[in-house]
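Scroll down for the structure; my scribbles are underneath it.
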Amino acid sequence: MNAPHDLRHLEAGSVEMATAFAARAAARDLTIGIIGLGYVGLPLAEAFLKAGFRVFGYDVDESKISAIKASRGYIKHIPDHRLRDMNATGRLTVSADPAALGGPDCLLLCVPTPLNQHREPDISFVESTCRTIARTLRRGQLIVLESTTYPGTSEEVMRPILESSGLKAGVDFAIAYSPEREDPGNIDFDTTTIPKIVGADSDPERRMAVAVYETITEVVPVRDMKTAEAVKLTENIFRLVNIALINELKLVYGGMGIDVWEVINGAKTKPFGFMPFYPGPGLGGHCIPIDPFYLTWKARAHGQSTRFIELAGEVVSGMPRIVIEQLTEAMSTRLRKAVAGSRILVVGLAYKKNVDDMRESPSLHLIHMLRKRGAEVDYYDPHIPEVPHNRDHPEFAGLRSIAWTRESLAQYDAVLISTDHDDIDYQLLAETVPLIIDTRNAMRDFVETHTGKIVKA
Ligand SMILES: NC(=O)c1ccc[n+]([C@@H]2O[C@H](COP(=O)([O-])OP(=O)(O)OC[C@H]3O[C@@H](n4cnc5c(N)ncnc54)[C@H](O)[C@@H]3O)[C@@H](O)[C@H]2O)c1
């Protein structure tokens, strides 16, 4: 990695520092450090390499460092050839050595922000990363938090830890917050086509962060870090509340003999004032089941209630149980069989279609509930051949996806479609299995031809 330019002679935090930094960003003469090379950090590293920068990637997980060095993809939608292209630039350095963090001109933090077992924010990854950075923090560096978190984290948690170095934010070094809005697997949008919100608590710091991000995409600056943190949470709370609403409407309309999918298809033809959300077997993924509760927690500290968020969480967390009830009823009325002792196949383990990410996926929860009720349960997911170690259901680690053949499918009494991956032969399913509980409307093309065996749940 090239030696960073020395900004020590400048009045750091000043207009001059920002001007010099912005000029170097425009000339691609900065080393961009990315901390946390997961779903968010890796595509970000790629975007800055494509923009012409030197990139330094850091992760505590040594297996990711060796995989990148060997151009071995570890995220399905970022295959080997993209890692090869990144390495071929000659501008990528990766390491698990924290001593190297003093080198880059800016550090973008893309570390996890999960909930703990009490469903409260776990910002220990942000804290430990900041402590690591503080050891090598130098004048002129820009530190940006990208992880999703509650308003106030950058100001109340990140700033004091970094300032324990003896340097002062906004004077000696700069901090900013810029939420990641990546939607992994979405072929219509990526890091370079999604506008980037950038918030900082002073003009020079904001200018520095804007200068970095505007080299890869359109930037939307906001007043301060807590506003930027609130923008990200608002986006995900909006999704949670609407997903909960459409799931509730599914049940209400279902009771009236109305198909919610047809309702949505009709409503979405309105060119304004309506945005389609779709029902499913429950909430999944690293964002929507988690992020809204960061705000709930913080709101409590301010004596505010978040009834909408709590209610939405309650409605969607009840969905897996309702799906199991619908499956139980359909098995008893249509097959004259009980769940106990039956063979059931869950189709789709990923939390959404066409990805290999099963974090917080409702599918494992469904498998757990079915097994508890005495069913023999297998799964099929073309993107997840084997269940990896996971926090929620460690007992399922090592379970393998079945083969998708007429013979194997014929062994099941019922199939529960939990994720509607595109590359699944639904025709074969329609032909072989006596009962299909479909939570995603994946069987819409076969409902007429196979009436009686397909139940929309
Ligand atoms: N995945 C998404 O779709 C998405 C979208 C928008 C925002 N986000 C947010 O972005 C953040 C990162 O999410 P992700 O999906 O990339 O997570 P991830 O688990 O895929 O990646 C995080 C990486 O950080 C590494 N890490 C953990 N602690 C570290 C430390 N102390 N120092 C260096 N590296 C460390 C982990 O080894 C891992 O490789 C989270 O706050 C998440 O909420 C995620």
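Coordinate-derived values only; no laboratory data. As the structure is a prediction and not an experimental result, all values here were calculated from the model. Here the Cβ positions follow ideal geometry from the backbone for every residue, glycine too, while neighbour counts run over all protein chains shown.
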**Request:** Can you tell me the relative contact order of the stretch 15-223? Whole percent, Cα pairs under 8 Å, sequence separation 6 or more.
**Result:** 20 percent
**Prompt:** How large is the dipole of the stretch 15-223 about the Cα centre if only Lys and Arg carry +1 and Asp and Glu carry -1, each at its Cβ, rounded to the nearest 20 debye?
**Reply:** 520 debye
**Message:** Out of all DSSP beta bridges in the chain, what portion is antiparallel? Express it as a percent rounded to 5.
**Reply:** 10 percent
**Asked** Between the stretch 93-160 and the stretch 328-356, what's the alpha-carbon centroid distance in Å?
**Response** 42 Å
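How do Glu146, Glu163 line up, fewest other C-beta atoms within 10 Å first?
With the sparsest Cβ surroundings first, the list reads Glu163, Glu146.
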**Complete:** Longest principal axis of the chain (C-alpha) makes with the long axis of helix 292-301 (C-alpha) an angle, in degrees to the nearest 10, of 60 degrees
**Prompt:** Okay, helix-only estimate at 222 nm for the chain: each DSSP H run of n ≥ 4 adds -39500 (n - 2.57), divide by all residues, round to 500 deg cm²/dmol; what do you get?
**Reply:** -10500 deg cm²/dmol
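I need the trypsin sites (Lys or Arg not before Pro) found in the stretch 215-262, filtered to DSSP loop residues with at most 13 other beta carbons within 10 Å of theirs.
Answer by residue number: Arg223.
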**Message:** With unit charges on the beta carbons (Lys and Arg positive, Asp and Glu negative) and the dipole taken about the Cα centre of the chain, which residue among Leu409, Val315, Ala350 sits farthest to the positive side?
**Reply:** Val315
**Asked** So which GluC sites (Glu not before Pro) in the stretch 216-282 end up in coil per DSSP with only 13 or fewer other C-beta atoms within 10 Å?
**Response** Glu218
**Asked** Can you give me the relative contact order of the chain as a percent, contacts being Cα pairs under 8 Å and 6 or more apart?
**Response** 11 percent
**Asked** In debye, nearest 20: dipole of the chain around its Cα centre with unit charges on the Cβ of K, R (+) and D, E (-)?
**Response** 280 debye
**Request:** Check the straight Cα-Cα distances from Lys226 and name the lysines below 27 Å, setting aside those fewer than 8 residues away within the same chain.
**Result:** Lys168, Lys196, Lys298
**Request:** Distance check, please: which entries in Lys69/Lys353; Lys337/Lys372; Lys250/Lys372; Lys250/Lys337 exceed 20 angstrom between their Cα atoms?
**Result:** Lys69/Lys353; Lys250/Lys372; Lys250/Lys337
**Debye, to nearest 20: dipole size of the stretch 232-315, +1 on Lys, Arg Cβ, -1 on Asp, Glu Cβ** = 260 debye
**Prompt:** Amide H of Leu107: which non-local residues (sequence gap of 5 or more, or other chain) have their own amide H closer than 5 Å, using H built in the peptide plane?
**Reply:** Gly33, Leu142, Ile143, Val144
**Complete:** For the stretch 379-455 the GluC sites (Glu not before Pro) that pass both the DSSP coil test and the at-most-16 other-Cβ-within-10 Å test are Glu448
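Mind sorting Val455, Val198 by how few other Cβ atoms lie within 10 Å of their own Cβ, fewest first?
Working: Val455 21, Val198 26.
Going from sparsest to densest Cβ surroundings: Val455, Val198.
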**Complete:** Footprinting proxy, Leu30, Leu335, Leu345: sorted fewest to most Cβ within 10 Å, the residues are Leu335, Leu345, Leu30
**Request:** Round to the nearest 0.05 the FRET efficiency obtained for Thr19 and Ala397 when R0 = 60 Å and r is the Cβ-Cβ distance.
**Result:** 0.70
**Message:** Can you give me the angle between helix 124-136 and the longest principal axis of the chain, using Cα atoms only, in degrees from 0 to 90, rounded to the nearest 10?
**Reply:** 20 degrees
**Request:** Report, for the stretch 314-457, the % of DSSP beta bridges that are antiparallel, rounded to 5.
**Result:** 5 percent
**Message:** Between Arg119 and Arg307, what's the calculated FRET efficiency when r is the beta-carbon distance and R0 is 22 Å? Round to 0.05.
**Reply:** 0.85
**Request:** Using label points projected 7 Å from each Cα along Cα→Cβ, tell me how many nm separate Asp61 and Ser408, to one decimal.
**Result:** 2.6 nm
**Fill in**
For Ile454, the residues 5 or more places away or on another chain with a placed amide H closer than 5 Å to its own amide H are Ile436
